[in-house]
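Have a look at the structure below, then the notes.
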Amino acid sequence: MSVEKIKQKFQQAILSWYEENGRKLPWRQTTDPYKILVSEMMLQQTQVDRVIPKYNAFLEQFPTTKVLANAPTAEVLKAWSGLGYNRRALYLQNCAQAIETKQTTSRQLRRNWRQKKDQESGTMH
């Protein structure tokens, strides 16, 4: 049997096992990068069963990077309470702030570019 065939059989066995035995976790039901990031930060050195209710509550309170970025740090730490390693909450908020700053900067650059193009062509929006 070829190495490729062995590899395919192994992959199929793992996927079949997962379909039958894998836990249904909220972060596995999304493709939203923000929600996945929140789960990854929470799951560092914290048991899954402790994370699930905190994850749902955190996302209810801070549903987007924008909301998290603009939230008072004390509120973020309060929502994180019970997970330990509070520095992770601060890093997550800093990450959200960086994302929002980058998005704002990107929007401003696009707006400036459009305005420049409009001025060059003699049109205005």
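Would a scan of region 42-64 turn up a residue that is over 22 Å from Gly82 (Cβ atoms), surrounded by 14 or more Cβ atoms within 10 Å (Cβ to Cβ) and modelled with pLDDT of 95 or more? Let's see the steps before the verdict.
Going residue by residue through region 42-64, those that are over 22 Å from Gly82 (Cβ atoms) are 64.
Now restrict to residues that are surrounded by 14 or more Cβ atoms within 10 Å (Cβ to Cβ): 64.
If we keep only those that are modelled with pLDDT of 95 or more too, we end up with 64.
Yes; the residues of region 42-64 include at least one that is over 22 Å from Gly82 (Cβ atoms), surrounded by 14 or more Cβ atoms within 10 Å (Cβ to Cβ) and modelled with pLDDT of 95 or more.
What residue, among those in region 1-41 that are exposed (fewer than 12 other Cβ atoms within 10 Å of the Cβ) and of a type in the set (A, V, I, L, M, F, W, C), is nearest to Thr64 (Cα to Cα)?
Here the residue is Leu15.
At positive phi and not hydroxyl-bearing (Ser, Thr, Tyr): does that describe Gln45?
Spelling it out, Gln45 is indeed at positive phi and not hydroxyl-bearing (Ser, Thr, Tyr).
So Ile99 clears everything in (1) within 24 Å of Ile52 (Cα to Cα); (2) surrounded by 14 or more Cβ atoms within 10 Å (Cβ to Cβ) except one condition, right? Which one?
(1)
Do you know which of the residues in region 60-70 that are outside any helix (DSSP H, G or I) and within 15 Å of Cys95 (Cβ to Cβ) is farthest from the chain's Cα centre (by Cα)?
Applying the filter and picking the extreme gives Phe62.
This table checks each residue for (1) over 21 Å from Leu25 (Cα atoms); (2) in a loop (DSSP other than H, G, I, E, B); (3) free of Cβ contacts under 8 Å to residues at least 12 places away in the same chain; (4) out of contact with any Asp or Glu (no Cβ under 8 Å at 6 or more places or on another chain).
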site: Met42; (1), (2), (3), (4): no, no, no, yes
site: Thr46; (1), (2), (3), (4): no, yes, no, yes
site: Val51; (1), (2), (3), (4): no, no, no, yes
site: Tyr55; (1), (2), (3), (4): no, no, no, yes
site: Phe58; (1), (2), (3), (4): no, no, no, yes
site: Leu77; (1), (2), (3), (4): yes, no, no, yes
site: Tyr91; (1), (2), (3), (4): yes, no, no, yes
site: Asn94; (1), (2), (3), (4): yes, no, yes, yes
site: Thr105; (1), (2), (3), (4): yes, no, yes, yes
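Considering only region 80-125, state which residues are among the aromatic types (Phe, Trp, Tyr) and at pLDDT 90 or above. Talk me through it step by step, then tell me what you get.
Initial filter on region 80-125 (among the aromatic types (Phe, Trp, Tyr)): 80, 85, 91, 113.
Scanning region 80-125 gives Trp80, Tyr85, Tyr91.
Count, please, the residues in region 19-35 that happen to be within 25 Å of the chain's Cα centre (by Cα) and over 21 Å from Val51 (Cα atoms).
Our first condition is that a residue be within 25 Å of the chain's Cα centre (by Cα); within region 19-35, this holds for 19, 22-35.
Narrowing further to those that are over 21 Å from Val51 (Cα atoms): 19.
Residues in region 19-35 being within 25 Å of the chain's Cα centre (by Cα) and over 21 Å from Val51 (Cα atoms): 1 in total.
For the list (1) surrounded by 13 or more Cβ atoms within 10 Å (Cβ to Cβ); (2) free of Cβ contacts under 8 Å to residues at least 40 places away in the same chain; (3) not charged (D, E, K, R), I need the number of the one condition that Tyr85 fails.
(2)
The values are calculated or read from the model by the stated rules, or taken from the named source; none is laboratory data. Keep in mind it's a predicted model, so treat the numbers as computed, not measured. As a convention, Cβ positions derive from the backbone with ideal geometry for all residues, glycine included, and neighbour counts pool all protein chains shown.
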